[in-house]
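Asks: Below: one structure in structure tokens.
Laboratory data are not the source of any read-out in this text; all were calculated from the coordinates shown. Just so you know, these numbers come straight off a predicted model, no measurement behind them.
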Amino acid sequence: MLAPSITINTVTIYPTASIGSSFTIVIQNSASTQVFSSGPLTTTVTGGTTPQVVTLNAVLPVGTGYRFGFSTNPGMWRNSAGAAYPYTLPGVVSLTGNSFDPNYYYWFYNWSVSSGCEGHVPW
């Protein structure tokens with residue numbers, strides 16, 4: 001994170017689980033402390049190719065090393081090749097990688113973020 005604070009407004013996911021499956025999106029800081037939980041959500045689409053936009057409105061203070069994931073993941077599509085980190089919105093946020101494979105891009109796409117002024121990053 002680069003700006004004083006940013007708000008993750010929405011992200012797009014691609015569920016592979018059946019419709020009605022429960023999931024929770026969580027964000028941890030660099031000390032592995034959970035700083036955000038979406039609360040229980042439900043898949044409304046399935047198949048891994050149909051997008052589902054999830055509203056988060058997660059406000060995160062300036063910092064680095066945030067980790068995004070699921071406390072409960074019923075099955076979400078992810079890219080297994082072609083990731084080109086970092087993905088950056090200059091002066092606001094930078095996605096620098098994942099903990100598995102540098103070629104993978106996990107779960108959260110088309111981020112809508114705001115920080116003083118609104119921005120949309122189509123990841």
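Asks: In the Gaussian network model of the chain, springs joining C-alpha atoms below 10 Å, which of Ala31, Ala58, Ala84 carries the largest mean-square fluctuation?
Replies: The residue with the greatest mean-square fluctuation here is Ala31.
Asks: Can you work out ³J(HN,Hα) from phi for every residue in the range 38-44, in order, using Karplus 6.51 cos²θ - 1.76 cosθ + 1.60 and θ = phi - 60°, giving whole Hz and x for Gly and Pro?
Replies: My calculation for the range 38-44 gives 6, x, x, 10, 9, 5, 10 Hz in order.
Asks: Hey, in the GNM for the chain with a 10 angstrom Cα cutoff, which one of Thr49, Thr12, Thr24 fluctuates hardest?
Replies: Of the options given, Thr49 has the highest mean-square fluctuation.
Asks: Round to a whole angstrom and tell me the spacing of the C-alpha centers of the range 3-37 and the range 55-90.
Replies: Comparing the Cα centres of the range 3-37 and the range 55-90, I get a distance of 7 Å.
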